[in-house]
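K.L.:
Dropping a structure here in structure tokens format, bear with me for questions.
The values are calculated or read from the model by the stated rules, or taken from the named source; none is laboratory data. These figures come from a predicted structure and were not determined experimentally. Glycine also receives a Cβ, built like all others from the backbone with ideal geometry; neighbour counts cover every protein chain displayed. The protein model used for the area step is the full one, side chains on, heavy atoms only, and it has no ligands, DNA or RNA in it. Shrake-Rupley method; radii C 1.70, N 1.55, O 1.52, S 1.80 Å.
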Amino acid sequence: QVQLVESGGGLVQTGGSLRLSCVVSGRVIGINVMAWYRQAPGKQRELVAAINNVDSTHYVDFVKGRFTISRDNAKNTVSLQMNSLKTEDTAVYYCNVDLQESGAKTWGKYWGQGTQVTVSS
């Protein structure tokens, strides 16, 4: 069974940094886009950044220049380096991966359980 496990969240002051990681485990035969989303209290889940299997990246405007997404294909891991954090970055961060599980006929989107990031002023 495929699992996505995030780590690296926590409490940080404004201007600080955190690095999130998400490891994909299980019988996976292919991974395409890996992404990070976030959901703040009372708001919808939103895309933060994404990276495809040729390392092409996409960032939403509110994190450009502050966050960096990267992946390690050998370890089935995607990371999000977050610098210059702001209070409005406070949210639960989720990794999302397009992958094909062994034995499956189609690709699917899989979610991690989420990791809390809290930025205090």
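K.L.:
Might you tell me the accessible area per residue for segment 1-90, computed with a 1.4 Å probe and given in Å²?
P.N.:
Details: 4920 Å² over 90 residues.
Value returned for segment 1-90: 55 Å² of accessible area per residue.
K.L.:
Just flag the trypsin sites (Lys or Arg not before Pro) in segment 1-84 sitting in loop per DSSP whose Cβ has no more than 12 other Cβ atoms within 10 Å.
P.N.:
On the way: sites: 19, 27, 38, 43, 45, 64, 66, 71, 75; in loops: 27, 43, 45, 64, 66, 75.
For trypsin sites (Lys or Arg not before Pro) across segment 1-84 that sit outside H, G, I, E and B with at most 12 neighbouring Cβ atoms in 10 Å, the list reads 27, 43, 64, 75.
K.L.:
If you take every DSSP beta bridge fully contained in the chain, what fraction is antiparallel? Give it as a percent rounded to 5. Mind dumping the intermediate values first?
P.N.:
On the way: 41 of 45 bridges.
Close to 90 percent.
K.L.:
What FRET efficiency comes out for residue 32 versus residue 118 if R0 is 25 angstrom and r is the Cβ-Cβ distance? Round to the nearest 0.05.
P.N.:
On the way: r = 31 Å, r/R0 = 1.24.
Once rounded, the FRET efficiency stands at 0.20.
K.L.:
Here is a follow-up. Work out the count of Lys pairs in the chain where the Cα-Cα distance is under 21 Å, with the pair 8 or more places apart or on different chains.
P.N.:
Lysine pairs meeting both conditions in the chain amount to 4.
K.L.:
Given the whole protein assembly as supplied and a 1.4 Å probe, what does the accessible area of residue 78 come to in Å², nearest 10?
P.N.:
0
K.L.:
To continue, here is another question. Roll a 1.4 angstrom probe over the protein heavy atoms and tell me the percent of accessible area of segment 39-121 that is carbon or sulfur. Don't skip to the answer; put the middle values down first.
P.N.:
On the way: 2140 of 4550 Å².
Carbon and sulfur atoms account for 47 percent of the accessible area of segment 39-121.
K.L.:
How much accessible area does residue 62 have with a 1.4 Å probe, in Å² rounded to the nearest 10?
P.N.:
The accessible area comes out at roughly 80 Å².
K.L.:
Another question, if that's okay. Starting from the Cα-Cα distance between residue 68 and residue 100, subtract it from 0.36 nm times their residue separation and give me the gain in nm to one decimal.
P.N.:
On the way: separation 32, 0.36 × 32 = 11.52 nm, distance 2.52 nm.
Stretched fully, the residue 68-residue 100 segment lengthens by 9.0 nm.
K.L.:
Right, another one. Only Cα pairs within less than 10 Å get springs; with that Gaussian network setup on the chain, which residue of 73, 96, 32 has the largest fluctuation?
P.N.:
The residue that fluctuates most here is 73.
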